[in-house]
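Here's the structure we're looking at; comments come further down.
The values are calculated or read from the model by the stated rules, or taken from the named source; none is laboratory data. Note that the coordinates shown come from a computational prediction; the quantities given were computed from them, not determined experimentally. Here the Cβ positions follow ideal geometry from the backbone for every residue, glycine too, while neighbour counts run over all protein chains shown.
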């Protein structure tokens, strides 16, 4: 699969506040919690807070440049876990509760 996400913003920004974005019907979040970088993928149309946890894919990485690169690779790997549903709704199939 070709790369979908690249590093969307400097890791220094994520030190200060969570970063949210979307691409082609899938939303993502990068959040620093202590020394951990949490990466999330979740379906549109709702924002992060309004999306139930069971509809989010989550993985945790060391909060470092290397961890950030791993988070972006993980996002690229799991973008395909989301399946198109009519009317623009998307959802993660089967592994939606998967926490790595």
Which of the residues spanning the stretch 64-89 are modelled with pLDDT of 90 or more and more than 15 Å from the chain's Cα centre (by Cα)? 64, 65, 66
For the stretch 22-48, enumerate the residues that are touching a helix residue (DSSP H, G or I) at 6+ places or on another chain (Cβ under 7 Å), surrounded by fewer than 20 Cβ atoms within 10 Å (Cβ to Cβ) and modelled with pLDDT of 95 or more. 32
For the stretch 1-21, enumerate the residues that are out of contact with any strand residue (DSSP E or B) (no Cβ under 9 Å at 6 or more places or on another chain) and either at pLDDT 90 or above or surrounded by 12 or more Cβ atoms within 10 Å (Cβ to Cβ) (or both). 7, 10, 12
All positions within the stretch 24-40 that are farther than 21 Å from residue 65 by Cβ and touching a residue at least 24 places away in the same chain (Cβ under 8 Å): 25, 26, 27
For the stretch 25-63, give me each residue that is part of a loop (DSSP other than H, G, I, E, B) and under 13 Å from the mean Cα position of the chain (by Cα). 25, 44, 47, 48, 51, 56
